[in-house]
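Q: Before anything else, here's the structure in question.
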Amino acid sequence: MVDEGGIAQSISPDLLLKLFFHLLAVGATSYVICLKVLPLLLEKKNWLTGTIYLLVSVYLIGLINRIAVIYLLEPILGIDKEKESVVEIATNFPVLIRHYIIGNIAGALPFIIFYLILDRQMVLRKQLETEQQKKDAELIALKSQLNPHFLFNTLNNIYSLSLQQSPLAAVSIEKLSFILDYVLYRCTDNYVSLQKEIELMENYIELGKIRYGNRLKPAFTYSTDHSYKIAPLLLLTIVENMLKHSADGVNGQIHFLVDITAEKNQLKLVTENSFDENSPEGQGIGLTNLQKQLDLLYPGRYAFGMKADNGIFSTHLSIDLT
């Protein structure tokens with residue numbers, strides 16, 4: 001067995017000096033390839049410039065390395081032999097390639113592999129951040145599309161009630177204030193209380209009842225077995241769409257049903273509303289936006305269906321809340 005002293009003695013100063021010169025060349029090769037050549041090849045896709053840069057760089061590093069060995073290292077080590085001229089060194093390609101360039105690249109290979117792994121991780125992280133930013137921006141845009149038609153009609157209705165000095169004007173303002181406060185300030189998180197979303201829907205429907213009077217007698221039921229969280233404003237989109245296409249599009253009594261069940265981490269929403277089968281608008285862009293939000297927030301974890309039959313439009317939504 002060789003002890004530590006024997007190992008230390010076997011590593012001579014000459015060997016350490018040679019290793020130092022080699023490591024300098026390997027470090028230079030690693031720097032050039034990782035920070036100069038690979039960005040040209042991978043990021044800018046500039047293959048011609050990158051290839052030329054690589055060939056010229058490894059040649060120059062090998063050349064400088066050999067010149068340093070002949071004119072610095074060998075005299076230090078006491079090696080006395082006839083020295084080649086710089087021109088002879090520069091044109092002796094077989095020696096440069098075999099003894100310097102290949103060795104420098106081989107020594108730099110672990111650093112190159114590490115750089116490629118690190119660069120790949122950074123690219124993936126940037127892609128994820130970009131996708132998340134895009135997703136957040138799209139969700140913000142979709143959530144911000146509270147129907148201006150509804151707001152205008154509600155404010156107009158409040159104005160009419162105020163002229164009549166109706167006590168319902170104050171009730172309408174209270175309901176609308178709750179809705180605007182919630183939409184603008186209370187649902188900025190990715191997920192909010194399902195109970196708060198239900199309260200939002202109730203206030204929204206109450207405003208509809210004030211506006212349409214006896215024509216609208218909604219059946220609104222819900223039951224939960226737990227305090228669940230849900231992405232904000234999803235359910236309101238459906239109710240908003242129902243009011244728009246039933247109350248504004250149908251004369252006479254309005255059929256309006258909303259049933260929500262949240263049990264065992266499963267949310268189920270069933271709705272039915274009257275609608276004008278001859279309306280050119282169909283059911284509007286609201287439900288299209290809803291499906292986009294569901295795709296972003298609950299990919300593979302929801303089912304959504306729609307059906308129109310004899311003047312009744314129905315929707316069925318189920319979401320896995322786990």
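Just so you know, all these numbers are worked out from the coordinates, no wet-lab data involved. What you see is a predicted model; the values in this text were computed from it and never measured. Cβ atoms come from the backbone with ideal geometry, glycine included; neighbour counts cover every protein chain shown.
Q: Along the Cα→Cβ direction, 7 angstrom out, place labels at Thr288 and Ser12. What is the inter-label distance in nm?
A: 8.2 nm
Q: Taking the alpha-carbon distance from Lys45 and a cut-off under 20 Å, which aspartates and glutamates remain once sequence neighbours fewer than 8 residues away in the same chain are dropped?
A: Once the sequence-local aspartates and glutamates are set aside, what remains near Lys45 is Asp119.
Q: Then there is this: Measure out, as a whole number of angstrom, how far apart the alpha-carbon centroids of the range 70-89 and the range 92-132 sit.
A: Centre-to-centre (Cα) distance: 32 Å.
Q: Next up: How far is the Cα center of the range 183-259 from the Cα center of the range 287-301, in Å?
A: First find each Cα centre; the distance between them is then 18 Å.
Q: Another one. Arranged by the count of other C-beta atoms within 10 angstrom, fewest first, what order do Tyr115, Tyr191, Tyr228 take?
A: Ranked by crowding around the Cβ, least crowded first: Tyr191, Tyr115, Tyr228.
Q: Okay, moving on. List Ile67, Ile89 from most exposed to least, where exposure is judged by having the fewest other Cβ atoms within 10 Å.
A: Ile67, Ile89
Q: Order 55-63, 305-313, 203-211 from most to least packed using the mean count of other Cβ atoms within 10 Å.
A: Per-residue mean Cβ counts within 10 Å order the peptides as 203-211, 55-63, 305-313.
Q: Here is a further query. Please identify the trypsin sites (Lys or Arg not before Pro) of the range 8-80 that satisfy two criteria: DSSP loop assignment and at most 11 other Cβ atoms within 10 Å. Which are they?
A: For trypsin sites (Lys or Arg not before Pro) across the range 8-80 that sit outside H, G, I, E and B with at most 11 neighbouring Cβ atoms in 10 Å, the list reads Lys44, Lys45.
Q: Measure nothing but the geometry: give the 0 to 90° angle between the long axis through the Cα atoms of 234-247 and the longest principal axis through the Cα atoms of the chain, rounded to 10°.
A: Result, in degrees: 40.
Q: Separate question: What is the packing order of peptides 118-131, 212-225, taking the mean over residues of other C-beta atoms within 10 Å and listing the highest first?
A: Sorting 118-131, 212-225 by mean packing, highest first, produces 212-225, 118-131.
Q: Kindly express, to the nearest 10 degrees and within the range 0 to 90, the angle between helix 148-163's C-alpha long axis and the longest C-alpha principal axis of the chain.
A: 40 degrees
Q: Let me ask something else about it. For the range 4-140, just say rounded, prolate or oblate: build the C-alpha gyration tensor, square-root its eigenvalues into a ≥ b ≥ c, call rounded for a/c under 1.5, and beyond that prolate if a/b exceeds b/c, oblate if not.
A: Taking the square roots of the gyration eigenvalues as a ≥ b ≥ c, the range 4-140 is oblate.
Q: Under 5 Å between amide H atoms, partner at least 5 residues away or on a different chain: which partners does Leu321 have, H built in plane at 1.01 Å?
A: The answer is Gln266, Leu267.
Q: If you don't mind, there's one more thing I want to ask. Non-local amide H neighbours of Val192 (under 5 Å, H modeled in plane, Pro and chain starts lacking H): which ones?
A: Residues meeting the criterion, in which the H sits 1.01 Å from N, are Ile230, Ala231.
Q: Could you line up Leu109, Leu73, Leu200 from fewest to most neighbouring Cβ atoms inside 10 Å?
A: With the fewest neighbours first, Leu109, Leu73, Leu200 line up as Leu109, Leu73, Leu200.
Q: What is the helix-to-structure angle for 13-32, meaning the angle in degrees between its Cα long axis and the longest Cα principal axis of the chain, kept from 0 to 90 and rounded to the nearest 10?
A: 40 degrees
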